[in-house]
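Chemist: Starting off with a structure, shown below.
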Amino acid sequence: MRLFWSVAFLSVATLGCEVLVPDNDDNNGSFPDAGADVDAEVDADDFVPPEPVEARVRAADAMPQVRVEAGSFDMGREGAGDEMPVRSVTISAAFWMDRHEVTVGQWQSCVDGGGCDAGLAGTWAELGSCNWKSEFGTEVPMNCVGSIGAEAYCTHVGGELPTEAQWEYAARGTDGRGWAWGDDAPDCRTTVWSNPGECDKSGSDVVEARVRDTSPWGVRDMGGNVREWVQDSYLADAYEMLPATDPVYLEESTHRVHRGGYFGDRNIDNLRATFRHRSFPDTRQPQQGFRCIGGQP
Ligand SMILES: [Ca+2]
């Protein structure tokens, strides 16, 4: 970890970019080795993931989307710091959620179309384990991009980032489950993460590589692969302060929320649908990618 951050800080200092800071996780920035290992371990057994209520494809970037209906759910987790108090939250309108994380290929199209600034994305040479300009193809998630770049992408395709509440609702539905796939602790087949001693991951996998990581609404990769920026700035007591219907916190803040686990996570709690990660808004880290909601089919 020390070596990684030394390299990261040196690289950023050399380039004159924003200062990277670790996020709030106990294992952030700690990668098992120096290389990515995109292995396309797409499950080929007879597991059948939940079917979406309705599906479509967004025209702007050929992103598959699933419909998440309006409804109410218990947001948060008992005994878990800033995930309390658990309360009933209402999402007042249905929305279309991207089925997987935005990929490098989709980001490239956005750059080519003038909607995204390639300079907003970190590269392998700068940060390590970044997929942009890497050898790992176009189907891996776009990571090492700050929330500003993520927002630019979503705007370009006619959508927006999900709110923190929309993200959690899309990840766990209404039954109070702990993770997107249910209440069973994950193993290496469940999602892209680093189960100690079993599947240490030094890079992301292609999107939708683990079909078990499918939410009740049919959304993929909410448990792992890369974390995902949302609209909300970080507010520790958000669950006490914000309204119970369509909550979102957009005030200026030093930190912004990103959700879900990532390939290097070794703690199953970090993969929970309720866990609230946070970083500086412009921080570019290998952990962080994004997906959007909305746009037109
Ligand atoms: Ca994810």
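Chemist: Which residue out of Lys201, Lys133 is within 14 Å of the ligand (Cβ to nearest atom), more than 23 Å from Ser253 (Cα to Cα) and modelled with pLDDT under 95?
Modeler: On the way: Lys133 fails: within 14 Å of the ligand (Cβ to nearest atom).
Every option except Lys201 fails the conditions.
Chemist: Same structure, new question: Report the residue count in the stretch 226-244 for those that are touching a strand residue (DSSP E or B) at 6+ places or on another chain (Cβ under 6 Å) and surrounded by fewer than 20 Cβ atoms within 10 Å (Cβ to Cβ).
Modeler: Total satisfying the criteria: 1.
Chemist: Starting from the stretch 246-274, keep only residues that are of a type in the set (Gly, Ala, Ser), then list their pairs with residues that are more than 11 Å from the ligand (Cβ to nearest atom) and part of a strand (DSSP E or B) whose Cβ atoms are within a distance under 6 Å, requiring at least 6 positions of separation or different chains.
Modeler: From residues that are of a type in the set (Gly, Ala, Ser), the pairs are Ser253/Ser233; Ala273/Trp179.
Chemist: On to the next question. Scan the stretch 112-129 residue by residue and report those that are at pLDDT 95 or above and buried (at least 20 other Cβ atoms within 10 Å of the Cβ).
Modeler: Once the filter is applied, which keeps residues that are at pLDDT 95 or above and buried (at least 20 other Cβ atoms within 10 Å of the Cβ), the stretch 112-129 yields only Cys116.
Chemist: Right, here's the next one. Filter the stretch 249-268 down to residues that are more than 10 Å from the ligand (Cβ to nearest atom) and under 14 Å from Arg227 (Cβ atoms), then give me how many there are.
Modeler: Pass one, the stretch 249-268, residues more than 10 Å from the ligand (Cβ to nearest atom): 249-257, 264-268.
Pick out the ones that are also under 14 Å from Arg227 (Cβ atoms) and you get 255-257, 264-265, 267.
The number of residues fulfilling the criteria is 6.
Chemist: Give the number of residues within the stretch 45-95 that are part of a loop (DSSP other than H, G, I, E, B) and not β-branched (Val, Ile, Thr).
Modeler: 24
Chemist: Right, another one. Taking into account only those residues within the stretch 158-194 that are acidic (Asp, Glu) and in contact (Cβ under 8 Å) with a residue 24 or more places away in the chain, which is surrounded by the fewest Cβ atoms within 10 Å (Cβ to Cβ)?
Modeler: Applying the filter and picking the extreme gives Asp175.
Chemist: How many residues does the stretch 120-148 contain that are in contact with a Gly (Cβ under 9 Å, 6 or more places away or on another chain) and in a helix (DSSP H, G or I)?
Modeler: Here the count works out to 1.
Chemist: Same structure, new question: Scan the stretch 68-82 and tell me whether some residue there is under 30 Å from Gly105 (Cα atoms), among the charged types (D, E, K, R) and either surrounded by fewer than 16 Cβ atoms within 10 Å (Cβ to Cβ) or at pLDDT 95 or above (or both).
Modeler: yes
The values are calculated or read from the model by the stated rules, or taken from the named source; none is laboratory data. None of these values were measured; they are calculated from a predicted model. All Cβ positions, glycine included, derive from the backbone under ideal geometry; neighbour counts span all protein chains shown.
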